[in-house]
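A.B. asks: Below you'll find the structure I mean.
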Amino acid sequence: MNSQELDQNAAAMVAPGKGILAADESTGTIKKRFDKIKVESTFESRRAYRELLFTAPGAEKYISGVILYDETLRQKAADGRPFPALLAALGILPGIKVDAGAKPMAGCPGETVTEGLDGLRERLAEYHALGARFAKWRAVIDIGAGIPTGACLEANAHALARYAALCQEAAIVPIVEPEVLMDGDHTLERCEEVTDATLAAVFGALFRQRVRLEGMVLKPNMVIAGKKCPVQAGPGQVAAATVRCLRRHVPAAVPGIAFLSGGQSEAEATLHLSLMNRMGGLPWQLSFSYGRALQQSALDAWRGEAANVPAAQRSFLRRARLNGLARSGGYEAAMEQAA
């Protein structure tokens with residue numbers, strides 16, 4: 001393990017003014033996104049859409065890395081360049097989703113554990129050879145009656161830590177993603193309680209598995225009320241609760257925190273990030289690793305038509321620029337109305 005290379009890449013992933021594009025939707029997930037804009041999901045339509053994002057002029061000003069899906073890591077741009085090489089030439093780090101998905105957890109009804117550790121060492125070696133310099137593994141924590149249980153938190157934290165250790169062995173920066181879902185009717189306070197417990201379990205496991213904190217990036221949820229909760233917290237409350245939770249559990253050695261958007265609208269995710277960065281005095285970079293919250297406007301503009309590519313790229317760049325501003329607290333909600 002080259003710790004210097006790991007640390008440099010981790011720091012680059014959360015460089016000021018930039019964030020990570022999550023373009024690692026599985027074939028099933030991207031089909032749902034394409035269905036909404038009435039585009040057939042094929043090998044070529046997926047390739048063309050991803051190329052649109054990766055070649056948007058000036059994207060490298062706001063995007064530090066891109067999380068790819070296995071299929072996408074192996075695809076090429078229209079000019080024949082493999083996507084990882086195209087991104088690397090722009091100074092954007094290529095990454096790869098490596099987990100095998102959340103599966104029902106035996107003995108824990110309503111809870112899941114993420115699988116994919118078997119054979120991971122060999123897959124990471126191949127992914128590194130293909131150009132990947134960071135990876136992502138997502139654990140899913142649901143809030144409900146009597147859940148999450150300690151068993152669920154422990155199993156997912158252990159898997160995240162084992163994955164992270166294997167990544168660092170392969171000179172790949174692990175993005176550690178424990179996502180507390182915003183589905184359900186739980187309050188902001190309940191989300192904070194569960195996020196507290198989740199992060200405590202995750203960092204305990206990372207320590208036990210000897211993961212180098214300087215060579216990783218945390219990708220957590222924001223502390224937010226469930227979608228069905230009758231009382232929705234304001235943006236300031238979300239920002240304050242999230243930072244409070246992170247201060248309690250995330251060591252200062254971690255270079256950066258790249259939030260997931262997790263069902264928030266584009267504007268909500270950007271505003272929450274901006275408000276957190278206005279607080280100042282934080283030991284880590286607060287960044288973004290957004291999927292839908294960076295892509296939705298671009299998808300709506302593209303609709304599968306080659307003629308719409310420039311408009312879709314402009315939509316993507318606009319969102320990337322606004323999130324870049326949020327990195328320093330410079331985003332205002334009123335900017336949504338500006339051209």
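A.B. asks: Can you name the residue in region 180-222 that is in contact with a Lys or Arg (Cβ under 8 Å, 6 or more places away or on another chain) and part of a loop (DSSP other than H, G, I, E, B) and, of all such residues, is nearest to Ala241 (Cα to Cα)?
C.D. replies: Only one residue fits best here, namely Met182.
A.B. asks: Still on this structure, please answer the following. Does Gly236 qualify as being out of contact with any Phe, Trp or Tyr (no Cβ under 6 Å at 6 or more places or on another chain) and at positive phi?
C.D. replies: Spelling it out, it is not the case that Gly236 is out of contact with any Phe, Trp or Tyr (no Cβ under 6 Å at 6 or more places or on another chain) and at positive phi.
A.B. asks: Tell me whether region 137-144 contains one or more residues that are under 18 Å from Val14 (Cβ atoms) and in contact with a helix residue (DSSP H, G or I) (Cβ under 6 Å, 6 or more places away or on another chain).
C.D. replies: Looking through region 137-144, at least one residue is under 18 Å from Val14 (Cβ atoms) and in contact with a helix residue (DSSP H, G or I) (Cβ under 6 Å, 6 or more places away or on another chain).
A.B. asks: Of everything in region 1-44, what is buried (at least 21 other Cβ atoms within 10 Å of the Cβ) and of a type outside the set (A, V, I, L, M, F, W, C)? Give them in sequence order.
C.D. replies: Of everything in region 1-44, those that are buried (at least 21 other Cβ atoms within 10 Å of the Cβ) and of a type outside the set (A, V, I, L, M, F, W, C) turn out to be Asn9, Lys18, Gly19, Asp24, Glu25.
A.B. asks: On the given criteria, is Tyr69 within 27 Å of Ser328 (Cβ to Cβ), buried (at least 16 other Cβ atoms within 10 Å of the Cβ) and among the hydroxyl-bearing types (Ser, Thr, Tyr)?
C.D. replies: It is false that Tyr69 is within 27 Å of Ser328 (Cβ to Cβ), buried (at least 16 other Cβ atoms within 10 Å of the Cβ) and among the hydroxyl-bearing types (Ser, Thr, Tyr).
A.B. asks: Under the condition of being among the hydroxyl-bearing types (Ser, Thr, Tyr) and buried (at least 22 other Cβ atoms within 10 Å of the Cβ), which residue from region 255-307 is farthest from the chain's Cα centre (by Cα)?
C.D. replies: Ser274
A.B. asks: Could you list, in sequence order, the residues of region 236-272 that are among the small types (Gly, Ala, Ser), outside any helix (DSSP H, G or I) and modelled with pLDDT under 95?
C.D. replies: Listed by number, the residues that qualify are Ser261, Gly262, Gly263, Ser265.
A.B. asks: Of all residues being in a loop (DSSP other than H, G, I, E, B) and within 17 Å of the chain's Cα centre (by Cα) in region 125-173, which is surrounded by the most Cβ atoms within 10 Å (Cβ to Cβ)? Just the residue, please.
C.D. replies: Ile172
A.B. asks: Additional query: Go through region 273-301 and report how many residues are part of a helix (DSSP H, G or I), in contact with a strand residue (DSSP E or B) (Cβ under 8 Å, 6 or more places away or on another chain) and closer than 13 Å to Gly324 by Cα.
C.D. replies: Total meeting the criteria: 3.
The values are calculated or read from the model by the stated rules, or taken from the named source; none is laboratory data. Please read these numbers as outputs of a predicted model, since none were measured by experiment. Don't worry about glycine lacking a Cβ; one is built from the backbone with ideal geometry, like all the others, and counts go over all protein chains shown.
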